[in-house]
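Have a look at the structure below, then the notes.
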Amino acid sequence: MKRILACSLLIAFVYCVPWPGETCAQPKKPGLDMRVPFTPLWQGDAPGAKGKEPADIPGVYLYPAKKPNGTAIVVCPGGGYGGHAMDHEGLQIADWLNANGITAVVLKYRLGPKYNHPIPLGDAQRAIRYVRANSKELRVYPNRVGILGFSAGGHLASTAGTRFDLGDAESKEWIESHASRPDFMVLMYPVITMSGPFAHVGSRNNLLGKNPDAKLVESLCNDTQVTKNTPPTFLVHTTEDKGVPPENSVLFYLALTKHKIPAEMHIYEKGRHGLGLALTGGDRDLPYASWPDRCLAWMKGRGFLNTAK
């Protein structure tokens, strides 16, 4: 398969990368950002597709930075694996990343209960491969592709960070020849465990069904899947989070340090679940609102914000 070509080169800094001979489609589902074109991740039906409606078509919204520094981040909005919080965990995040020279790739992954594991994981892996396969057109380094996830999107991101491959060098499809391992992870109030008192039952039901096999549940407790090859990780949570208890982040952090993976975690006292960038009302006055600056400092310290040549 020929390499995907760019529709335009940062004209007005908004473009899409379509499949050869196709135009970028725009799904019409309410709640999805329509500011930039939607790019499907597969030509034709995606693996495991159960129809041809917008909900059956995984893809990305591409937000290139005006002054790219060579880093890209795949953004996984939350929503309990049953929806996409595309505004405060997608569009707003893309604007923040762009303002700091980072190309944002907002992922629309397939959702439960129609689509269960491993379909969302496959969509996230494909997005990472997609960025690397098009790194030249996107003006990013293929070794500076991170993933950022919120809530259930944090579970998806941490699943991608603990289950990856180096690509299929013999694949006839250009994208599939690239690695799916993210170079770093940013996990915001993430769902990590699928069992026990700290599990988010709604996410588990949507991802695995209401009566999943016990071994499958355990395998999706991502703190148990950390290895020495898991990427460096930045975690944020709040003690007041009643939707996804902060123990989720703690479990993952402890697993990272056990395997000597570089990790930084911030648990703020105040703040409800799903704050995003904390841009509304009194949320701006919370100490939690400092997390973007701390995250940027962490990325800079790891060499992901150095301006690309």
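The values are calculated or read from the model by the stated rules, or taken from the named source; none is laboratory data. Just so you know, these numbers come straight off a predicted model, no measurement behind them. Here Cβ is always computed from backbone atoms with ideal geometry, including for glycine, and neighbour counts include all displayed protein chains. Heads up: the accessible areas ignore ligands, DNA and RNA and are worked out on the full protein's heavy atoms, side chains in. Shrake-Rupley method; radii C 1.70, N 1.55, O 1.52, S 1.80 Å.
Of all the numbered requirements in (1) closer than 21 Å to Gly48 by Cβ; (2) open to solvent by less than 20 Å² (accessible area, probe 1.4 Å); (3) within 14 Å of the chain's Cα centre (by Cα), Ser151 misses one, and that requirement is (1). Out of all the residues in segment 184-228, which are over 13 Å from Asn248 (Cα atoms), assigned to a loop (DSSP other than H, G, I, E, B) and more than 17 Å from the chain's Cα centre (by Cα)? Scanning segment 184-228 gives Gly209, Lys210, Asn211, Pro212, Asp213, Gln225, Val226, Thr227, Lys228.
Here is a yes/no grid of residues against (1) open to solvent by 10 Å² or more (accessible area, probe 1.4 Å); (2) assigned to a helix (DSSP H, G or I):
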{"site": "Gly90", "(1), (2)": "no, yes"}
{"site": "Leu97", "(1), (2)": "no, yes"}
{"site": "Asn116", "(1), (2)": "yes, no"}
{"site": "Ala124", "(1), (2)": "no, yes"}
{"site": "Ile128", "(1), (2)": "no, yes"}
{"site": "Tyr141", "(1), (2)": "yes, no"}
{"site": "Asp165", "(1), (2)": "yes, no"}
{"site": "Pro182", "(1), (2)": "no, no"}
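As a summary of the residue check, Ala133 satisfies the conditions (1) surrounded by fewer than 24 Cβ atoms within 10 Å (Cβ to Cβ); (2) hydrophobic (A, V, I, L, M, F, W, C); (3) farther than 28 Å from Gly51 by Cα except for the one numbered (3).
Name the single residue, out of those in segment 196-250 being of a type in the set (Asp, Glu) and open to solvent by 30 Å² or more (accessible area, probe 1.4 Å), that is farthest from Ser180 (Cα to Cα). Among those that are of a type in the set (Asp, Glu) and open to solvent by 30 Å² or more (accessible area, probe 1.4 Å), it is Glu240. Could you tell me whether Thr257 is open to solvent by 10 Å² or more (accessible area, probe 1.4 Å), without any contact (Cβ under 8 Å) to a residue 40 or more places away in the chain and either within 25 Å of Gly82 (Cβ to Cβ) or in contact with an Asp or Glu (Cβ under 6 Å, 6 or more places away or on another chain) (or both)? No: the conditions fail for Thr257.
Does segment 42-56 include one or more residues that are crowded, with 21+ Cβ neighbours inside 10 Å and either more than 23 Å from Arg163 (Cβ to Cβ) or of a type in the set (Val, Ile, Thr) (or both)?
Step one: filter segment 42-56 for residues crowded, with 21+ Cβ neighbours inside 10 Å, giving none.
No, segment 42-56 contains no residue that is crowded, with 21+ Cβ neighbours inside 10 Å and either more than 23 Å from Arg163 (Cβ to Cβ) or of a type in the set (Val, Ile, Thr) (or both).
Do we find a residue being of a type outside the set (A, V, I, L, M, F, W, C) and within 16 Å of the chain's Cα centre (by Cα) anywhere in segment 134-141? No, because not a single residue in segment 134-141 is of a type outside the set (A, V, I, L, M, F, W, C) and within 16 Å of the chain's Cα centre (by Cα).
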